[in-house]
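Single-structure report; data block below.
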Amino acid sequence: MAPSDEGIQNIDRLIHEPSRLTIMMHLYVVESADFQFLQHQTAMTPGNLSSHLRKLEDAGYVEVTKEFVDRTPHTALKLTRKGRDAFKQYRRNVKQFIDKLPE
Amino acid sequence: MTKQNTLREIERKTYMSYHQDGLIDIVIGLYALAFGLGIVIDRLFDLSFASIMPAILIAIVLPIWIQAKRKITMPRIGYVNIGTKGSSKLFALLLGLMVAGFGVLFLFTMATAQNGRPVWIDTIFEYGMIVVGLGSAVIGSLFAYTMGLKRLHGYGLLTLALFVSGHFLSVPFEYLLLVIGSVIIASGAALLVQFTRRYPLQKGAPDNGAQ
């Protein structure tokens, strides 16, 4: 296996998908946000955002808390410790991989 | 753009998006307006109302601002908790300004307590409006940089321009405060209208995070 192939193998594919990477980046810079805020920031449709969030939640990267505030549904989102660590690792791996590429 | 810069940009946009409603401008404008009114009332009725005005305003305006954020901003763009990283920069700035304020006060007290007041004190009093204007521009820029709100630079520069003009045209300090406060409130109100039009309230259940 070529060294560049090894680097690619280390990149977390779940995070690498552009929509999920956008979600991870937006949640990484805050403590927590709700669904509506994330939707505004990422400009994704509710269905698309919801589907990507489910995948991130299943991986244990995002904590989703559903509740009712003033009789309206409210979805609070937060990166878990595992999610934060995975994102940090993803950044390191992408950087390492790009740094190793020839000019 | 590197990933680090992208993250900083997202962080800045997140912070800015929460202050695009103009509410912070209205609060700043109310402070200037109320402080100016306090001085006018003091001059008219020989009171010392202006000195307690900041405390009164904190007690009144802060809860209104929090409620306005809950009732106007959050239902439209959602809720975000920036966390300690964003607020710690602002806290550090406020602390720094407080320390600087006490430092200046101490320096003034020490200098005026001595026999034969130093000339620089008289110079500062003579150009008091320009000094206040410069101070406002610097403080405005510091807040603009910390909060990522470029329009605060504008408010600082407006204050500087008005106070410099006021010094040369002999316009009383309190009237300038009333003008500055009104302009900032008007700007905040315009931003608020723009914000409510851009993000109208969604009827029914706005959160679509159901999975």
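The values are calculated or read from the model by the stated rules, or taken from the named source; none is laboratory data. Computed from a prediction, not measured in an experiment: that's the story for all the values here. Here the Cβ positions follow ideal geometry from the backbone for every residue, glycine too, while neighbour counts run over all protein chains shown. With ligands, DNA and RNA removed, areas are computed over all heavy atoms of the protein, side chains included. Shrake-Rupley method; radii C 1.70, N 1.55, O 1.52, S 1.80 Å.
Whole-Hz Karplus values for region A:45-60 come out as 6, x, x, 5, 4, 4, 5, 5, 5, 4, 5, 5, 5, 4, 7, x Hz, taken residue by residue from phi with 6.51 cos²θ - 1.76 cosθ + 1.60 and θ = phi - 60°; glycine and proline positions read x. Considering chain A, its Cα convex hull presents a mean projected area of 7.6 nm².
With coordinates expressed along the principal axes, the C-alpha atoms belonging to chain B extend over 76, 43, 29 Å, beginning with the largest. Counting Lys and Arg as +1 and Asp and Glu as -1 over every other residue whose Cβ lies under 13 Å from the Cβ of A:Val64, the net charge comes to -2. When nucleic acids and ligands are ignored and a 1.4 Å probe is applied, A:Ile15 ends up with an accessible area of around 0 Å². Remind me, what semi-axes does the protein assembly as shown give for its equivalent ellipsoid, largest first in whole Å, using sqrt of 5 times each Cα gyration tensor eigenvalue? So the equivalent ellipsoid measures 48, 25, 16 Å along its semi-axes.
What dipole magnitude, in Debye to the nearest 20, does the protein assembly as shown give about its Cα centre under +1 on Lys/Arg Cβ and -1 on Asp/Glu Cβ? Please report the intermediate quantities before stating the final value.
Working: 32 positive and 24 negative charges, 160 e Å.
Dipole size: approximately 760 debye.
Amide H contacts of A:Glu63 (H built 1.01 Å from N, in plane; Pro and chain starts excluded): A:Lys78, A:Leu79, A:Thr80 sit under 5 Å, all sequence-distant by 5 or more or on other chains. So what's the angle, to the nearest 10 degrees on a 0 to 90 scale, between helix B:128-147 and the longest Cα principal axis of chain B? Its long axis makes an angle of about 20 degrees.
In vacuo Debye scattering of region B:1-86, one point per C-alpha: log10 I(q)/I(0) at q = 0.12, 0.26 Å⁻¹? One equal scatterer on each Cα of region B:1-86 leads to -0.54, -1.22. Take each residue in B:73-83, count the other chain C-beta atoms within 10 Å of its C-beta, and the mean is 6. Rounded to the nearest Å, what's the spacing between the alpha carbon centres of region B:36-95 and region B:128-151? Just the number, please. About 17 Å separates the Cα centre of region B:36-95 from the one of region B:128-151.
Among the listed pairs A:Lys78/A:Lys100; A:Lys78/B:Lys69; B:Lys13/B:Lys150; B:Lys69/B:Lys150; B:Lys13/B:Lys89; B:Lys69/B:Lys89, give every one whose C-alpha distance is greater than 24 Å.
A:Lys78/A:Lys100
Proximity of backbone amide H atoms, modeled 1.01 Å from N, is registered between B:Ile82 and A:Glu31 at under 5 Å, excluding neighbours fewer than 5 places apart on the same chain. If R0 is 25 Å, what FRET efficiency do you get for B:Ile130 and B:Ala92 from their C-beta distance, rounded to 0.05? Once rounded, the FRET efficiency stands at 0.35.
Other residues lying with their Cβ under 13 Å from the Cβ of A:Arg20 contribute a combined charge of -1, Lys and Arg counting +1, Asp and Glu -1.
Take each residue in B:6-15, count the other chain C-beta atoms within 10 Å of its C-beta, and the mean is 4. Surface analysis of the protein assembly as shown yields an accessible area of 59 Å² per residue, using protein heavy atoms and a 1.4 Å probe.
Straight-line cross-link reach from A:Lys66 at under 15 Å between alpha-carbon atoms covers these aspartates and glutamates, not counting any fewer than eight positions away in the same chain: A:Asp34, A:Glu57, B:Asp207.
The angle separating the long axis of helix B:23-45 from the principal Cα axis of greatest extent in chain B is about 30 degrees.
Can you give the mean number of other chain Cβ atoms that lie within 10 Å of the Cβ atoms in peptide A:24-30?
6
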